[in-house]
1. Tell me the residue from Tyr100, Tyr81 that is under 28 Å from Gln136 (Cα atoms) and crowded, with 16+ Cβ neighbours inside 10 Å, please.
2. Considering only the stretch 113-141, how many residues are β-branched (Val, Ile, Thr) and over 18 Å from Leu99 (Cβ atoms)?
3. May I ask you to list the residues in the stretch 96-107 that are free of Cβ contacts under 8 Å to residues at least 40 places away in the same chain, part of a strand (DSSP E or B) and over 14 Å from the mean Cα position of the chain (by Cα)?
4. Pick out the one residue from Val90, Val70, Val110, Val127 that is exposed (fewer than 13 other Cβ atoms within 10 Å of the Cβ), modelled with pLDDT of 95 or more and either basic (Lys, Arg) or assigned to a strand (DSSP E or B) (or both).
5. I'd like to know if the stretch 4-24 contains one or more residues that are modelled with pLDDT under 90, out of contact with any Ser or Thr (no Cβ under 6 Å at 6 or more places or on another chain), part of a helix (DSSP H, G or I) and charged (D, E, K, R).
6. What's the number of the condition Asp56 fails, among (1) in contact with a strand residue (DSSP E or B) (Cβ under 6 Å, 6 or more places away or on another chain); (2) of a type outside the set (S, T, N, Q); (3) closer than 18 Å to Thr132 by Cβ?
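The values are calculated or read from the model by the stated rules, or taken from the named source; none is laboratory data. Everything quoted here is computed from the prediction, not taken from an experiment. Note that we place each Cβ from the backbone using ideal geometry, even for glycine, and neighbour counts take in every protein chain shown.
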Amino acid sequence: MTLVEVMTALGIIAMLTSALMSLFISALWGWDRGSAKGPADTTASIALQKVARAIDDGMSATVSSGQLTVQLPAVNNQGDYDRTTNRNTVKIYLSGTTLYQQINSSTATVLSKNITAATFSYSLGTVTVTLTGQYQTGERAMTTQLSQVVLLRNYTVS
């Protein structure tokens, strides 16, 4: 084997190794993004479902300083809603990256962690909730923003 043949063989091996490493690194980057995207989606989706479940029985709502406050009606002896009487007040708010729910003046409970933004708006018996969930795997943080419109089932036109 001559020196030219050895150098040609080494050059081909170097190009193949370089191509394989490039493919491997691209696959790792894709895995890194994908492995963070799923939990970010799940975090935002479950948090949004919990918020909707907590407020959908409401009569009215207000938004102040990034906090959503929903007034729930009382329930009579037959289990029906009494829209003339107020019962609990539910507050939903974000502190840091934790989304909280507080009923009346009780201790707030955690609805979800890894929520980086929460915005609320209210108009004529309709609450729009937008949540941004974030999850980090390795060096990459993936975010997911989801919105849901919640109709307050006990809203009455005044």
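1. Tyr100
2. 2
3. Across the stretch 96-107, the qualifying residues are Gln102, Ile103.
4. Of the residues listed, the single one that is exposed (fewer than 13 other Cβ atoms within 10 Å of the Cβ), modelled with pLDDT of 95 or more and either basic (Lys, Arg) or assigned to a strand (DSSP E or B) (or both) is Val110.
5. yes
6. (3)
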